[in-house]
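Take a look at the structure below.
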Amino acid sequence: MTMRGHPQLDDLGPALPRDRWTLVDAVRTQASVYGHRDFLSFEDGSSLSFSDFDRLTDCLATALSDLGLGAGERLLALLTNSREFMLMMIATHKLRAVFVPINTELRGGFLQHQVHNSSPRVIVAEDGLIERFADVDTSKVDIATVIRVAEGTSTGTALPDSLAGIHHLRIDELLDTTPRPEVLAEPQPSDVCTIMYTSGTTGPSKGVLMPQGHCYLFGLGTVAAMELTEDDRYLCCMPLFHANGLFMQVYASLLAGASCHVTKRFSVTDWLDVVRQEQITVTNALGVMPEFIFRSPESPHDRDHQLSRILAIPVAEEWGSAMEERFGVVLRQGFGMTEVNMVSYSDVDDPVLPGCAGLPLTDFFEVIIADPSTDVEVSRNEIGEILVRPKVPFCFNVGYFKMPEKTVEAWRNLWFHTGDAGRMDNDGRLFFVDRIKDRIRRRGENISSYELEQALNEHPAVIESAAVGLRVSGAGGEDEIKAVLALHGVAPEPSEFLDWCVPRMPRHTVPRYLEFVTELDKTASGKIRKQAIRDAGVTSETWDRESVGYVIWRD
């Protein structure tokens, strides 16, 4: 590993040889090392020790085998952050089957697409979520079994008609199974063990095929970057159906021999209380989360805690250093995605620079910045698309499930195209700039939607914002900017809002279109659904400055 001040990855965690880089090997090894020490705790009061986790997943894997789940078959899980989620995942892996965690916000056609694409043999769902399948046509999917999970005081919702004819039972029955070692498998790093679906903000969700080695490296890289030890306690308040929560927090804790406290969701009002009550030492904050935490009301307890490190992506100049000072923590950044793993982390010696993801992990990845129209590498400090390819087998995605054309498109010219804009500085550090699709070109200038949103968020009435480029007639093939602003209190008069904007940003970045809302629509991982804003375009709720003759004068 090339990060300064960190040991070789192979020496971290359980220090398994690379031919045993599987989550199942890690679970078994850490159970033998840490035994009855606490590994996972949940806000409902349930918990699992390292040895409990290994034993109960053996029981569940044996039961799943008895139900006919075999190697390579898919188990689809519609589960919130819970003990059952974690047990079901490793139990599936212990049969060399494939775990498919599904976004718990999915409904209707979105859920149907992922059910049809993954073609699961088994479905596992919480009682409170199982009704979501009512609008899913399951007639073309060979579902053998539905496993139900009680949620809180749930009394058991009736199965929807789409699942009514399928054998069903409760997870508690399966956990009582006596394990039979002869049915348990020995996974390999090359085994595709998990399919995670992209958020689908720009098109139909794609199922990322994730080998064991890929999932393992996600956790191990975090152990190094966050300097985790067995004395740490991680807070995971992000969805387990995404890589950040599952691999970079929960399984990073497993590999370090640390404990992890898992909540159902992120709450800015409860965040500090949980950090203090659970004696948290490290956590992650993605998307809008770190800024929400920083902009929360100050408290006498802002430094009265054991938290010392936060992996925050992204960090803005307006609040990065101030957040470190306020909470007495160190912020780390990085760059990665479900498909490519985490290819870089900022180093302990790096200052808190906006978008600075640090040095790429050159033992594992090649990373270049390229012209998105030609894939030719650009010069240092020039913005282009971040392209990545692996150096180590099975520590990278192996395609999109049943979408060969999307796999080929992403892998054109033998580089994986992230769709993210970035740059490399003269020291070889990677900087994330924006999503390629989120960049706006206006008046001959490239505009970062992220930077514009940071400026808009400074207005006292704005909670958060989303800025997109719209192609409209008369724009000369360039973009006009639409800003959708989530507000608290009374909405400002649009012209007065622009009066506030004009002295605070370059004139070419001042939005033409404004729309005031109470809340921005997001994915479960906190990403704003910008494509929906683009698709909507100029609506009846959109204010156009040109309709009232508002003019921004040159200085």
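Tell me which residues, restricted to the range 89-128, are under 21 Å from the mean Cα position of the chain (by Cα) and assigned to a loop (DSSP other than H, G, I, E, B).
102, 103, 104, 105, 106, 107
When you scan the range 41-49, do you find a residue that is in a loop (DSSP other than H, G, I, E, B), farther than 22 Å from residue 262 by Cα and without any contact (Cβ under 8 Å) to a residue 40 or more places away in the chain, even just one?
Scanning the range 41-49, I find no residue that is in a loop (DSSP other than H, G, I, E, B), farther than 22 Å from residue 262 by Cα and without any contact (Cβ under 8 Å) to a residue 40 or more places away in the chain, so the answer is no.
Examine the range 259-268 for a residue that is under 21 Å from residue 84 (Cβ atoms), in contact with a Gly (Cβ under 7 Å, 6 or more places away or on another chain) and not charged (D, E, K, R), and state whether such a residue exists.
No: the range 259-268 contains no residue that is under 21 Å from residue 84 (Cβ atoms), in contact with a Gly (Cβ under 7 Å, 6 or more places away or on another chain) and not charged (D, E, K, R).
Name the single residue, out of those in the range 336-378 being over 30 Å from residue 291 (Cα atoms) and of a type in the set (Val, Ile, Thr), that is surrounded by the most Cβ atoms within 10 Å (Cβ to Cβ).
This residue is 378.
Of all residues in the range 1-44, which are small (Gly, Ala, Ser) and modelled with pLDDT under 95?
Correct list: 5, 13, 15.
Of (1) touching a Phe, Trp or Tyr at 6+ places or on another chain (Cβ under 9 Å); (2) farther than 30 Å from residue 285 by Cβ; (3) surrounded by fewer than 18 Cβ atoms within 10 Å (Cβ to Cβ), residue 551 satisfies all except one. Which?
(1)
Hey, any hits in the range 191-214 for a residue that's part of a loop (DSSP other than H, G, I, E, B), at pLDDT 95 or above, in contact with a helix residue (DSSP H, G or I) (Cβ under 7 Å, 6 or more places away or on another chain) and surrounded by 19 or more Cβ atoms within 10 Å (Cβ to Cβ)?
yes
Would you pick out the residues in the range 274-299 that are part of a helix (DSSP H, G or I) and touching a residue at least 24 places away in the same chain (Cβ under 8 Å)?
Correct list: 274, 275, 276, 289, 290, 291, 292, 293, 294, 295.
Can you tell me which residues in the range 300-324 are polar (S, T, N, Q) and part of a loop (DSSP other than H, G, I, E, B)?
Residues satisfying the conditions are 306, 308.
Could you list, in sequence order, all residues of the range 339-358 that are polar (S, T, N, Q), at pLDDT 95 or above and at negative phi?
Hit for the range 339-358 is 344, nothing else.
If I ask for residues that are of a type in the set (Lys, Arg) and either at positive phi or assigned to a helix (DSSP H, G or I) (or both), which ones from the range 74-88 would you list?
Result: 83, single match.
I want to confirm something. Restricting to the range 402-426 and keeping residues that are touching a residue at least 40 places away in the same chain (Cβ under 8 Å) and outside any strand (DSSP E or B), which single residue is surrounded by the fewest Cβ atoms within 10 Å (Cβ to Cβ)?
426
The values are calculated or read from the model by the stated rules, or taken from the named source; none is laboratory data. Bear in mind the structure is a predicted one, so any value in this text is a computation, not a measurement. All Cβ positions, glycine included, derive from the backbone under ideal geometry; neighbour counts span all protein chains shown.
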